[in-house]
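K.L.:
Below is one structure. I have some questions about it.
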Amino acid sequence: MKGSVNKTDPEQQVAFVAGTVAMPTSLLWAVDLFGRVYTLSTAGQYWELCKDVQLEFKRVSAATQCCWGIACDNQVYLYVCSSDVPIRHREEAYENQRWNPMGGFCEKLLPSDRWPWSDVSGLQHRPLDGKGGWTYAMDFPATYTRDKKWNSCVRRRKWIRYRRYKSRDTWAKVFIPSKDDPSDLPDPFNDLSVGGWEVTEEPVGRLSVWAVSLQGKVWYREGVSHPNPEGSSWSLVETPGEVVQISCGPNDLIWATLWEGQALVREGICRNNPKGSSWSIVEAPGSENGIMHVSAGVSVVWAITKDRKVWFRRGVNSHNPCGTSWIEMVGEMTMVNVGLNDQVWGISCEDRAVYFRQGVTPSELSGKTWKAIVVGRESDRSHSGSSSSLLSAGCFFGDEVRGSGTESAPSDTDASSEVERQGPEQPLPRESLDHSRNLEGSLSRGQETSRSSEHPAENACLAEGDAKAPETSGSDECRGPASTPAELPWTNIDLKEPKKPSSQPTAGFPEASGLSSLGPFPLSMEEPYGADDHPLWAWVSGGGCAVEAGSALKWFTVQSETLPLSITPTQTAAWRKQIFQQLTERTKRELESFRHYEQAVEQSVWVKTGALQWWCDWKPYKWVDVRVALEQFTGHDGARDSILFIYYMVHEEKKYLHVFLNEVTVLVPVLNETKHSFALYTPERTRQRWPIRLAAATEQDMNDWLALLSLSCCESRKVHGRPSPQAIWSVTCKGDIFVSEPSPDLEAREHLLPCDQMFWRQMGGHLRVIEANSRGVVWGIGYDHTAWVYTGGYGGGCFQGLASSTSNIYTQSDVKSVYIYENQRWNPVTGYTSRGLPTDRYMWSDATGLQECTKAGTKPPSLQWTWVSDWHVDFSAPGGTDQEGWQYASDFPASYHGYKTMKDFVRRRCWARKCKLVTSGPWLEVAPITLSDVSIIPESADADGREHHVALWAVSDKGDVLCRLGVSELNPAGSSWLHVGTDQPFASVSIGACYQVWAVARDGSAFYRGSVSPSQPAGDCWYHIPSPPKQKLTQVSVGQTSVYALDENGNLWYRAGITPSYPQGSSWEHVSNNVRKVSVGPLDQLPLHLGQELQQSLFQVWVIANKVQGSHGLSRGTVCRRMGVQPREPKGQGWDYGIGGGWDHISVRANATRAPRNVSRDQEAHGPGPVCC
């Protein structure tokens, strides 16, 4: 069966965005008095000037990936941050036709019919031209089929096209209707606010944009979402009075201020009504001074009254958006802004500096104190350090020797220091914001001419510094037209008053030289401030700035990057190298005389004891208090071994268990809401699925014992340091990461090493998916879809000291959702009610209905997790929901659907709540695109390694297919993403060793990407591969030549008929059921010569089994290896069971370790090689 080319690919020419991510995902936005927009990263130390500096803004409002603003021309602009994944909006239109006895199907419809071109409902007109496939029905509307029947009187076909948003990393004007349009806005906007991206139960990617016009009317921007960043139109929202300013929080809080000084609160905001339903009035804190500014967050509201006092609103939340009372805070501000995590920023009245509210935590939302952000601007870096000193020397100094009685020209540092000292004596003129912008606009008319002459003036100045200076002062000639005395005083009029000229000016300098020397460069319009003057801010927005409580920021100290001119970096490097060589030679001299001595070995015994709890394996099957002792001894050969003793009481008789740690295969934390416990496995207990379980009183005690036992196990097996590039990686259902070093016997044909004897050690971090290849490139994906790359360290988390590396360990966080279900049964009298039948499930339960789970009684998965949100209805439940989130069925349990029928007597609704975990490990975040699946090309052990880059494919959480560029051993994170066009969202992707790329769409169909190669990393087109009959695929894994897939029912399939000339294969063959995940390794290459090599060739097919029978019950999530998988029998013969249960993911794609084979020299010289597709 041939694969068909996907002709509907909207982007067969893939879109490439070069370079790394242009902007961090967490930014603080601000506008200075001159209308310049700056951004400050949470990890940065400088304000960076935003692009399109020609625009002057009044105020901005930021979200995580975009920023809205109102410019001085009263127009609304939108800035969308760049990303390697393009913003695409899918549009669908239906072409409708009716059958005519004269001419057959035609576009002439009945007057009562729908539009010839319409949406799926037929009510909206959507014109579109084209051709395609038809579906037929008896009439509009009806059930459509592909086959044309004798009674098919109407037909329709669907058309799909994509729109791409192109304005990235630039300010784009938001479209406003023309004057001829009756829906034209009556007057310009005065204020604007963005929020609502975390509205309870709202679809991901939707934003709420609110604006206030000069006439005091409130407007709402319709249709703003991730696929459509600028929205569609403005709609008027009625208000009880004239509004001055408005603020929209990340959730459902919307506050506004009236001209009379009162506050308005919007109520009734929900998923189906983001504009809300009504307004409530909140009185000002005092009768004398009304509210002039307000800012809403997640669960807080801050306000500024007309006397510049700062107020905090108590008791604000989603259920009570109006709050309870006002609390006056310390300080006087012109405005405040509440961002993510309810962090607060403000602009002081006194010095116009940006202040950050420190000490804001979930338990103390009002914070503790204001702290000024004192970082400089990115442009100021050119004014400091040795480079600026050299440039200023070339501009302001000549070759002549001045006398001691002659006053020299003030330097940039001296002049700015004098201006700062004059601040208290000469107060700053408080001019209006509009006046400063008008002043800036009047100066911008001469900007082009001044900028054109700016660079030649600098070059001439540098050249003059090298050559002999003329008789006249070089500073007069070097400033050029951009720094004339007539222009510079106007540049600084809104900063500080210019100091009075000296009574005895320096010879050769005009009287304005003191003012002109505020910076070593001509300021013109590029730099409205001096090098040491802090900017004066007019507006700040932290809606896209995520600052965690207690995080260390670099905003409050001025960083110096200067080096003494007497010591250069080259000299420093030479000095360090010389010291290192001397120390190395000294070490060799001192150790040379003792090399013939034997190594001293001390035989010792070390013991650690403690009190733990042990789960008794027999009746009464409960936790028992025990004493444990770990004895570690060192033998004559220096080898270390350890024994763990567990002392317990049975009928007042002392007994004990002992475990040799060199037999332990894995130590697994078993975290739950009540116990700090861990499990200890040996090969025998792995086969029984019944480990030894121990519990500690505190989390710290458990971490100490877990780290000590893990270190002892590694020492007994001589496993130290970072994992090898061929290591096997796995993840448990709790998110814990484990790694195993493969031995040569693991994949041997004879004397095969059983899986239950594999030793697993834990690595720090928390992931959901992990993938690796044999060159040491390892990627992982968290529960919140964040991508992480392995840094080369080991340990982290609970492993500290000797069990962890001192470098390459970083903080890692993860967020997941906990789900419970509300169940109801229909009653003929009262309708659906929470009272069910005696045989029904709990009315509040888990997904199975076997365990009772209420909102109050449900806790996070373990004590390491903390709640970060409230309970909300989950509308993304499989099967769909109605507007209230209910799913209907005939009975419990059954197949649920999102609409009610006459036969539906039960219904359920899913509730979700987010929790967060913070840990550490050898992982670095790969921002900003979130992923759902990732695959790295596997490489065999005999690969020549000439390929510098490693092929890596991924699927984003939105279903986009991506290819990572620049991935290598030295740069495992890569450089940029290459977007590969698809006509539908995908769920899984896998790349084979010969660049075969297979993928699975969310509808369960399979695809093959053609012509993928190192020179063409994205290929050319998709080939559709039919899925197995009546099955929907969920995952695919490709090895050297073989392809295995998994469907939604746990069936494992093998793709047969794959050859180099026909890489799509011919058919699917069933292998096994009861499979949760599959991973195919790189050692499945097909030999060219059949013989002994064929008998010793094994395919690497590893899975996570769903259920495995143990000695005491079923074990869910077990690592298994397929036995007997050979080229002549690709489906294998059975399973070899390994560690379990509780495992959720495994990757053997890095295991290229081959077993040694006894072959002749002729076979070695003319041995078979891999067949690449």
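K.L.:
Kindly indicate which of L258, L253 is among the aliphatic types (A, V, I, L, M), buried (at least 16 other Cβ atoms within 10 Å of the Cβ) and more than 33 Å from the chain's Cα centre (by Cα).
P.N.:
Matching residue, one of L258, L253: L258.
K.L.:
Is it true that G359 is open to solvent by less than 20 Å² (accessible area, probe 1.4 Å) and either at pLDDT 70 or above or among the aromatic types (F, W, Y) (or both)?
P.N.:
When the stated conditions are applied, G359 does not pass them.
K.L.:
Moving on to the next point. Restricting to segment 190-226, what's the tally of residues that are in contact with a Phe, Trp or Tyr (Cβ under 8 Å, 6 or more places away or on another chain), part of a loop (DSSP other than H, G, I, E, B), in contact (Cβ under 8 Å) with a residue 24 or more places away in the chain and under 29 Å from D874 (Cα atoms)?
P.N.:
3
K.L.:
Could I ask something else about it? crowded, with 19+ Cβ neighbours inside 10 Å, basic (K, R), in contact with a strand residue (DSSP E or B) (Cβ under 9 Å, 6 or more places away or on another chain) and more than 29 Å from C910 (Cα to Cα): is that true of R761 in this structure?
P.N.:
Considered against the rule, which asks whether it is crowded, with 19+ Cβ neighbours inside 10 Å, basic (K, R), in contact with a strand residue (DSSP E or B) (Cβ under 9 Å, 6 or more places away or on another chain) and more than 29 Å from C910 (Cα to Cα), R761 comes out as yes.
K.L.:
Would a scan of segment 8-27 turn up a residue that is within 23 Å of the chain's Cα centre (by Cα) and modelled with pLDDT of 85 or more?
P.N.:
yes
K.L.:
Among what's in segment 1010-1054 and is under 31 Å from the mean Cα position of the chain (by Cα), touching a residue at least 24 places away in the same chain (Cβ under 8 Å) and farther than 16 Å from V989 by Cβ, pick the residue that is surrounded by the most Cβ atoms within 10 Å (Cβ to Cβ).
P.N.:
Among them, the one singled out is D1047.
K.L.:
Another question, then. Hey, which of the strands (runs of 3 or more DSSP E) in segment 50-122, taking only ones fully inside, have at least 2 residues that are surrounded by 21 or more Cβ atoms within 10 Å (Cβ to Cβ)?
P.N.:
By residue number, 57-62, 66-71, 76-80, 87-100.
K.L.:
Follow-up. Can you find even one residue in segment 863-873 that is under 22 Å from the mean Cα position of the chain (by Cα) and more than 28 Å from H319 (Cα to Cα)?
P.N.:
yes
K.L.:
When residues of segment 686-707 are filtered for being touching a strand residue (DSSP E or B) at 6+ places or on another chain (Cβ under 7 Å) and free of Cβ contacts under 8 Å to residues at least 40 places away in the same chain, how many remain?
P.N.:
2
K.L.:
Within segment 859-867, does at least one residue satisfy the condition of being basic (K, R), assigned to a loop (DSSP other than H, G, I, E, B) and under 28 Å from I737 (Cβ atoms)?
P.N.:
Checked segment 859-867: at least one residue is basic (K, R), assigned to a loop (DSSP other than H, G, I, E, B) and under 28 Å from I737 (Cβ atoms).
K.L.:
Suppose we filter segment 1102-1117 for residues that are surrounded by 17 or more Cβ atoms within 10 Å (Cβ to Cβ) and either modelled with pLDDT of 90 or more or part of a loop (DSSP other than H, G, I, E, B) (or both); how many remain?
P.N.:
Looking only at that region, the number is 5.
K.L.:
So, of the residues in segment 672-687 that are touching a Ser or Thr at 6+ places or on another chain (Cβ under 8 Å) and not in a helix (DSSP H, G or I), which turns out to be most open to solvent (accessible area, probe 1.4 Å)?
P.N.:
That would be E673.
K.L.:
Which residues, taken from segment 33-44, are assigned to a loop (DSSP other than H, G, I, E, B) and within 15 Å of S551 (Cα to Cα)?
P.N.:
T42, A43, G44
K.L.:
What residue, among those in segment 873-884 that are in contact with a Gly (Cβ under 9 Å, 6 or more places away or on another chain) and over 18 Å from K958 (Cα atoms), is surrounded by the fewest Cβ atoms within 10 Å (Cβ to Cβ)?
P.N.:
Out of the qualifying residues, it is G879.
K.L.:
Going by the conditions given, is F645 in a strand (DSSP E or B) and over 44 Å from the mean Cα position of the chain (by Cα)?
P.N.:
yes
K.L.:
Condition first: of a type outside the set (D, E, K, R), touching a Phe, Trp or Tyr at 6+ places or on another chain (Cβ under 7 Å) and part of a strand (DSSP E or B). Can you find one or more residues in segment 973-982 that meet it?
P.N.:
yes
K.L.:
Given the residues A877, A889, which is the only one that is in contact with a Phe, Trp or Tyr (Cβ under 9 Å, 6 or more places away or on another chain) and modelled with pLDDT under 90?
P.N.:
A877
K.L.:
Do we find that V174 is of a type outside the set (G, A, S), at pLDDT 90 or above and open to solvent by less than 10 Å² (accessible area, probe 1.4 Å) in this structure?
P.N.:
In short, no.
K.L.:
Looking at segment 953-972 only, could you name the residues that are in contact with a Phe, Trp or Tyr (Cβ under 7 Å, 6 or more places away or on another chain) and open to solvent by less than 10 Å² (accessible area, probe 1.4 Å)?
P.N.:
Scanning segment 953-972 gives V955, G959, V961, L962, C963.
K.L.:
Anything in segment 799-838 that is free of Cβ contacts under 8 Å to residues at least 12 places away in the same chain, open to solvent by less than 60 Å² (accessible area, probe 1.4 Å) and not hydroxyl-bearing (S, T, Y)? List them, or say none.
P.N.:
N827, G831
K.L.:
Then there is this: Filter segment 541-568 down to the residues that are at pLDDT 70 or above and either of a type in the set (S, T, N, Q) or not in a loop (DSSP other than H, G, I, E, B) (or both) and list them by number.
P.N.:
Scanning segment 541-568 gives S541, S551, T557.
K.L.:
Now for a different question. Could you tell me which residue of segment 355-378 is nearest to F34 (Cα to Cα), considering only residues that are without any contact (Cβ under 8 Å) to a residue 40 or more places away in the chain and not hydroxyl-bearing (S, T, Y)?
P.N.:
Across segment 355-378, the extreme among qualifying residues is R357.
K.L.:
While we're here: Taking into account only those residues within segment 146-171 that are exposed (fewer than 12 other Cβ atoms within 10 Å of the Cβ) and not basic (K, R), which is nearest to the chain's Cα centre (by Cα)?
P.N.:
My answer is D147.
The values are calculated or read from the model by the stated rules, or taken from the named source; none is laboratory data. This one's a predicted model, so the numbers in the text were calculated from it and none came from an experiment. When we count neighbours, we look across all protein chains shown, and the Cβ atoms used for this are built from the backbone with ideal geometry, even at glycine. Side chains included, ligands, DNA and RNA excluded: accessible areas come from the protein's heavy atoms. Shrake-Rupley method; radii C 1.70, N 1.55, O 1.52, S 1.80 Å.
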